[in-house]
Amino acid sequence: MRRAFSAAAAAHSVLSLAPPAAKGGAQIVGPRIAQQLEAQLGYCPLNALDVVTTTDDAPAVVIAHPLLHRKKKVEPFPTTYWLAHNGIAAAVATVERDGGVSAAGAAVDGDAMARAHAAYAADRWALLDDEERAFVQDRGWDSLRTVGVAGIRDGGTKCLHAHYAHFLATRANPVGEWVHERLPEAIQRLCPPSARATDE
């Protein structure tokens, strides 16, 4: 599933080509999804490419372009899978507040988590076309190719929201799975595996 989605994400990146100075202002979500994101987050992320997971009535996980263009400058953006649903985010915050970061890090298999970090980095890199990759390398932002979930460098566990977003999108993040098992059943039922959003 992850490889198939990476290919689709790379196709989206091709649609967002721009001169290097304007890289990252690549929002291509349609108007309905943009309005839903604005209602949930208070804004629509400038680099929102697509919604990869949805509840029955609202986006849950957004995929974001690795380059963010705002205020006439470009920034690397390592968070590829972004949890955008307020109800789910609040439930994850409760797990995190109750010591979930350290508990999850101690509970999951290190090798499995290393594979998840590598998969996340590969998905992020797949969103960039050749021109964008050259731009990234010229800026010295090669970390976009190597860092793990949401920019984690040491292979550990930090933001549970980021891990859970990755899990909802790919079902391939053991920390995210650990979080899922500790959420209320009503929250678990909100997101079927990789239910894709449409913008009809």
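The values are calculated or read from the model by the stated rules, or taken from the named source; none is laboratory data. Everything numeric here is computed off the predicted structure, so don't read it as measured data. Note: ideal-geometry Cβ built from the backbone for every residue, glycine included; neighbour counts use all protein chains shown. These accessible areas exclude ligands, DNA and RNA; they are computed on the full protein's heavy atoms, side chains included. Shrake-Rupley method; radii C 1.70, N 1.55, O 1.52, S 1.80 Å.
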Expected output for segment 156-173 (first residue among the basic types (Lys, Arg), partner at pLDDT below 95, Cβ below 6 Å, 6+ apart or cross-chain) is Lys158/Ile152; Arg171/Pro193
Unique match (being at pLDDT 95 or above and of a type outside the set (Asp, Glu)) among Ala58, Ala48, Ala107
Ala107
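In segment 94-200, which helices (runs of 4 or more DSSP H) lie fully inside it and hold 3 or more residues that are over 18 Å from the mean Cα position of the chain (by Cα)? Even if it seems obvious, please write down each step before you answer.
On the way: elements: 101-107, 110-126, 130-138, 143-146, 160-170, 174-181, 185-188.
Answer list for segment 94-200: 101-107, 110-126, 130-138, 185-188.
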Read through the list (1) closer than 14 Å to Thr79 by Cα; (2) out of contact with any helix residue (DSSP H, G or I) (no Cβ under 6 Å at 6 or more places or on another chain); (3) not basic (Lys, Arg), then give the number of the only condition that Asp130 fails.
(1)
Could you run through segment 149-164 and say how many residues are open to solvent by less than 40 Å² (accessible area, probe 1.4 Å) and modelled with pLDDT of 95 or more?
5
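Look at Lys72 and say whether it is surrounded by 23 or more Cβ atoms within 10 Å (Cβ to Cβ), within 19 Å of Arg139 (Cα to Cα) and at pLDDT below 85.
On the way: surrounded by 23 or more Cβ atoms within 10 Å (Cβ to Cβ): no; within 19 Å of Arg139 (Cα to Cα): yes; at pLDDT below 85: yes.
Against the criterion (surrounded by 23 or more Cβ atoms within 10 Å (Cβ to Cβ), within 19 Å of Arg139 (Cα to Cα) and at pLDDT below 85), Lys72 does not qualify.
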Scan segment 30-42 and tell me whether some residue there is modelled with pLDDT of 85 or more, surrounded by fewer than 16 Cβ atoms within 10 Å (Cβ to Cβ), more than 19 Å from Tyr120 (Cα to Cα) and of a type in the set (Gly, Ala, Ser).
yes
Can you run down the residue pairs with Cβ atoms below 8 Å, 6 or more apart or on separate chains, where the first is in segment 79-90 and at positive phi and the partner is in a loop (DSSP other than H, G, I, E, B) and open to solvent by 30 Å² or more (accessible area, probe 1.4 Å)?
none
Does Asp129 qualify as being open to solvent by 60 Å² or more (accessible area, probe 1.4 Å) and either out of contact with any Asp or Glu (no Cβ under 7 Å at 6 or more places or on another chain) or in contact (Cβ under 8 Å) with a residue 12 or more places away in the chain (or both)?
no
